[in-house]
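Right, one structure below, let's go through it.
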Amino acid sequence: LQSQQGGCSQDVNPVFLQQLRELDIPEEAAKQALLHTRNVSAEEAAMYYFNKLENEEEGDDDLIYKMVFVVNMDLAMGIGKVAAQVGHAAVGLYQALQEKNSWREMAWRWDHSGIVLQIGTNVAHLLELQALAMSLSLPTYLVQDAGLTQVESGSRTVLAIMGEEEMVNNVTGSLKLL
């Protein structure tokens, strides 16, 4: 967003911008909301704006978000394979984050926070962690490998989890770093 701030006016839908202005949303805030929601609709941008405003009033700006990748160490993956699988997990998780407004907001707020790689014991361990994360309404993504190189097709290689740091730590905080 920051790199786009200078030339926002040509990047936003002018009809949607006008609709947001009619809701008494300040012009710059309306532009930011439209950019953040990719100009899908005025309704989407308004929901983003009002949710963000509500979260700010609740003091959520102090929350730190964390993205964790738990690597299945039961598989004999080289360092390059692990890197590739973490890349797949990151993209898959990012796509999953687009499914809900609150998750998109989480991704936006996470932008300057860290990434952690942790050790998972085996596929059962990854599935257990995923179930726990999902029970806490945290977005997850579990990579299943195509089996073209080092591991069998369908092998579950990396679990990605994202959320507020304290909640993610409830799921993965006891795991060792990779």
With every protein chain in place, the chain: carbon and sulfur % of accessible area (1.4 Å): 51 percent
Computed lengthening from Glu166 to Ser102, 0.36 nm per intervening residue step minus Cα-Cα distance: 21.3 nm
Candidates Gln130, Gln150, Gln98, ranked by Gaussian network fluctuation over the chain, Cα under 10 Å, top entry: Gln150
Cα-based Rg and Dmax for segment 65-132, where Dmax is the largest Cα-Cα distance (Å): 13.0, 38
Packing-based order for 37-47, 99-109, using average beta carbon neighbours within 10 Å, highest first: 37-47, 99-109
Rel. contact order, % - alpha carbon contacts under 8 angstrom, at least six apart, the chain: 24 percent
Helix 27-36 axis, angle to the chain major axis (alpha carbon atoms, nearest 10°): 30 degrees
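Could you calculate the contour length gain from Gln95 to Leu132, that is, 0.36 nm times the residue separation minus the distance between their Cα atoms, to one decimal place in nm?
So the chain would gain 11.3 nm between Gln95 and Leu132.
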Residues of the chain: accessible area per residue with a 1.4 Å probe, Å²: 56 Å²
Separation of the Phe50 and Lys81 label points, Cα + 7 Å toward Cβ, nm: 5.1 nm
Pairwise centroid distance, computed over Cα atoms, of segment 60-129 with segment 141-178, Å: 6 Å
Leu178-Ser41 pseudo-label distance in nm [points 7 Å out on the Cα-to-Cβ vector]: 3.9 nm
Rounded FRET efficiency, nearest 0.05, which uses the C-beta distance separating Ala124 from Val15 and R0 of 35 Å: 0.10
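The values are calculated or read from the model by the stated rules, or taken from the named source; none is laboratory data. Given the structure is predicted, the values throughout are model-derived calculations rather than measurements. Please note: Cβ atoms are built from the backbone with ideal geometry, for glycine as well, and neighbour counts cover all protein chains shown. What goes into the accessible areas is simple: the full protein's heavy atoms, side chains included, and nothing from ligands, DNA or RNA. Shrake-Rupley method; radii C 1.70, N 1.55, O 1.52, S 1.80 Å.
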